[in-house]
1. Taking the Cα centre of the chain as origin, work out the dipole magnitude from +1 charges on Lys and Arg Cβ and -1 charges on Asp and Glu Cβ, in debye rounded to 20.
2. Could you go through region 99-115 in sequence order and give the Karplus-derived ³J(HN,Hα) for each residue, using 6.51 cos²θ - 1.76 cosθ + 1.60 with θ = phi - 60°, rounded to whole Hz, and x for Gly and Pro?
3. Once you have the Cα-Cα distance between ASP42 and ASN73, take 0.36 nm times their residue separation minus that, and quote the gain in nm to one decimal.
4. Tell me which of LEU78, ALA19, THR112 sits at the most positive position along the dipole axis of the chain, charges placed on C-beta atoms (Lys, Arg +1; Asp, Glu -1).
5. In nm, to one decimal, how far is the modelled label at CYS22 from the one at LEU5, with both set 7 Å along Cα→Cβ?
6. Could you sort the peptides 48-59, 11-22 by per-residue average Cβ neighbour count (10 Å cutoff), highest mean leading?
7. Rounded to the nearest Å, what's the spacing between the alpha carbon centres of region 1-38 and region 57-115? Just the number, please.
8. With each label point set 7 Å from Cα along the Cα-Cβ vector, what nm distance links VAL106 and ALA63?
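Just so it is clear, none of the values below were taken in a lab; they were calculated from the coordinates. These figures come from a predicted structure and were not determined experimentally. All Cβ positions, glycine included, derive from the backbone under ideal geometry; neighbour counts span all protein chains shown.
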Amino acid sequence: MAAVLVPELTVSDIGRSLAFYCGVLGFGLRYQRVDEGFAFVDIAGAGLMLDQLGLGRDWVTGALEPPFGRGVNFQFELDDLEPLLQRLAEGRITPFVPVETRTYAVGDRQVTQRQCCVQDPDGYLLRFCESI
């Protein structure tokens, strides 16, 4: 089944974004339209569209200034957080929120997850977690 929600992030440099998402974070590149500066990437069943500002059609509804994506974070649930943490360390990427264990109320139960947050090259906040 295809994802019912796939965010599209405006990026300033598609090459830099692909190097980060695929090279550092471990996303897979599913397809891209090089002439439009567009790529579809995914990890653990969650997809993102990346679209370079100024190439092809832009979906800009107001002034854009870095960091992009203020006020939103995207959570990705992984089976195992360790491989991502190792790639971040190898890439010398300091998490925006260091690894932590948090318990959240979800309806009438508690859910505990290990998580960290990183910013992509344009400032989008990405939260990666594993259930424990």
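1. I would put it at about 160 debye.
2. 4, 8, 10, 10, 10, 10, 6, 10, x, 9, 10, 10, 10, 10, 9, 9, 8
3. Here the answer is 9.6 nm.
4. Positive-most Cα among the choices belongs to THR112.
5. Once both label points are built, they end up 2.7 nm from each other.
6. Result, highest mean first: 11-22, 48-59.
7. 16
8. Output for this residue pair reads 4.0 nm.
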